[in-house]
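Notes to accompany the following structure.
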Amino acid sequence: MIKVCIYTTVHRPDDVRVFHREAKSLAMHGYEVVLLAHADVTEEMRDGVLLKAIPRPKNRFFRLLSVFRFAWRAWRENAEVYHFHDIELLPVSVLLKWVTKKIVLYDCHENYPQTAYERVWYPEWLKPLLFRLISRLEPALARRLDAVICVVADQQERFDSHGCRTILLRNLPELENFDHAYANRKTPEPRLIYLGGLSRARGAAVMIEIMAQLRNSHPNISLLCLGPFNEPHVEKEIKVQVKERGLQDQLIYERFIPHERVADYLVHSLIGLIPWQANQQMLKMVFPNKLFEYMACGLPVVGSDLPSLRMLINQAECGFVVPPDDAKAHAAAIGRLLDDEKLRQEMGKRGRLFVQNNYNWQNEVSKLYGLYEELTRADSEV
């Protein structure tokens with residue numbers, strides 16, 4: 001049995017891509033999988049994956065130092081394949097590759113050069129410098145590894161242009177997680193839903209204006225936000241604004257929901273929202289996990305008119321796209337769906353069929369298996 005060590009400093013041990021998609025799939029495919037992550041348990045077997053916890057750092061500075069602890073613990077696992085998920089682990093993983101001569105894979109979740117502009121705690125003068133530094137350094141280091149696993153096409157093109165070996169492994173839903181909830185759904189609650197991390201770039205402030213608009217036309221409708229705020233000070237500011245506007249009953253926040261329960265929340269909602277704001281990252285072609293999970297649960301979608309959302313929602317004919325910063329337009333599209341149950345159901349069914357036929361993990365995971373089998377076979381022949 002080939003041993004795989006997956007490690008992440010940033011993501012939760014039950015992260016959807018890291019654990020539920022990749023780690024569990026590899027374990028089911030016959031690999032011995034160990035996952036190193038910050039967790040509350042010391043060691044635990046979950047769905048065929050052995051989770052080994054590393055103590056949580058006190059702050060961002062200690063998190064940067066913890067990359068050395070992760071590299072040391074990964075080296076001690078003596079695995080045949082090392083598979084890591086965070087850009088901060090890139091330098092030590094290149095070192096791990098040099099020391100062990102084993103297979104090392106970089107799973108790149110984001111277009112990191114663009115995220116430099118999204119981090120609100122960076123000074124404005126620093127952001128273009130970080131953009132250029134990451135644009136050059138990331139692929140230069142990644143080229144020394146065996147492969148880069150990308151999530152969107154333009155990200156793959158960027159690494160390809162620097163001579164990296166890549167595969168495109170998109171964030172797509174596992175249909176079996178949603179089929180049961182969809183088949184057993186009951187009358188939805190009078191609510192909208194947003195799934196995933198919250199920030200100003202992801203529409204946290206616009207949601208307040210949307211719900212203020214809907215309070216007048218649809219006073220019984222609430223918005224449930226499932227996911228944490230990406231920055232604590234933004235969370236504080238947003239919740240103060242919600243209180244000042246008297247929207248505590250309309251805007252409900254829940255930080256962490258186990259992945260296994262997400263589908264139940266979705267099928268008992270009426271409409272899925274993606275009010276992302278235009279910025280360097282969002283204007284790229286991205287494939288948001290939440291969009292496909294809304295579709296898998298038969299929810300119509302109201303999203304911002306950004307390239308990827310426009311393409312996917314229009315292809316699936318499963319909802320409306322509106323100007324990102326226009327809260328009235330968002331509210332109008334939502335109101336149209338709330339007032340027309342037949343339209344809401346038709347769009348929801350079209351979205352679900354679209355995911356079943358085109359965008360699901362069952363079709364996508366074969367690329368991960370293919371990469372592993374090719375690399376491990378070649379390694380054994382050396």
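The values are calculated or read from the model by the stated rules, or taken from the named source; none is laboratory data. If you're wondering where the values come from, they're calculated on a predicted model, not measured in any experiment. Counting neighbours? That spans all protein chains shown, and the Cβs are built from the backbone with ideal geometry, glycine included.
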Q | Extreme residue, nearest to V67 (Cα to Cα), among residues of the range 8-37 that are at pLDDT 95 or above and part of a loop (DSSP other than H, G, I, E, B) | A | T8
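Yes or no, residue by residue, for (1) within 15 Å of the chain's Cα centre (by Cα); (2) in a loop (DSSP other than H, G, I, E, B); (3) among the hydroxyl-bearing types (S, T, Y):
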| position | (1), (2), (3) |
| --- | --- |
| R202 | yes, yes, no |
| M207 | no, no, no |
| M211 | no, no, no |
| R215 | no, no, no |
| N220 | no, yes, no |
| H233 | no, no, no |
| K243 | no, no, no |
| M295 | no, no, no |
Q. What are the residues in the range 6-15 that are surrounded by fewer than 20 Cβ atoms within 10 Å (Cβ to Cβ) and farther than 18 Å from Y106 by Cβ, if any?
A. R12, D14
Q.
Kindly evaluate R158 against the criterion of being assigned to a loop (DSSP other than H, G, I, E, B), out of contact with any Gly (no Cβ under 7 Å at 6 or more places or on another chain) and either without any contact (Cβ under 8 Å) to a residue 12 or more places away in the chain or basic (K, R) (or both).
A. no
**Q.** Options W75, W125; residue that is without any contact (Cβ under 8 Å) to a residue 12 or more places away in the chain and among the aromatic types (F, W, Y)
**A.** W125
Q: Please find, within the range 136-164, the residue that is surrounded by the fewest Cβ atoms within 10 Å (Cβ to Cβ) out of those that are modelled with pLDDT under 90 and farther than 21 Å from N230 by Cβ.
A: D154
Q | Which listed residue is of a type outside the set (D, E, K, R), over 21 Å from the mean Cα position of the chain (by Cα) and either outside the structural domain of Y369 (by TED's automatic domain parsing) or at negative phi (or both), from I6, I2 | A | I2
Q) From the set of residues in the range 255-264 that are surrounded by fewer than 18 Cβ atoms within 10 Å (Cβ to Cβ) and not acidic (D, E), which is modelled with the highest pLDDT? A) R261
**Q.** Condition check for V267: under 18 Å from the mean Cα position of the chain (by Cα), touching a residue at least 60 places away in the same chain (Cβ under 8 Å), closer than 30 Å to E176 by Cβ and surrounded by 20 or more Cβ atoms within 10 Å (Cβ to Cβ)
**A.** no
Q | Pairs, first over 15 Å from L251 (Cα atoms) in the range 175-203, second part of a helix (DSSP H, G or I) and polar (S, T, N, Q), C-beta under 7 Å, six or more apart | A | L175/Q356; L175/Q362
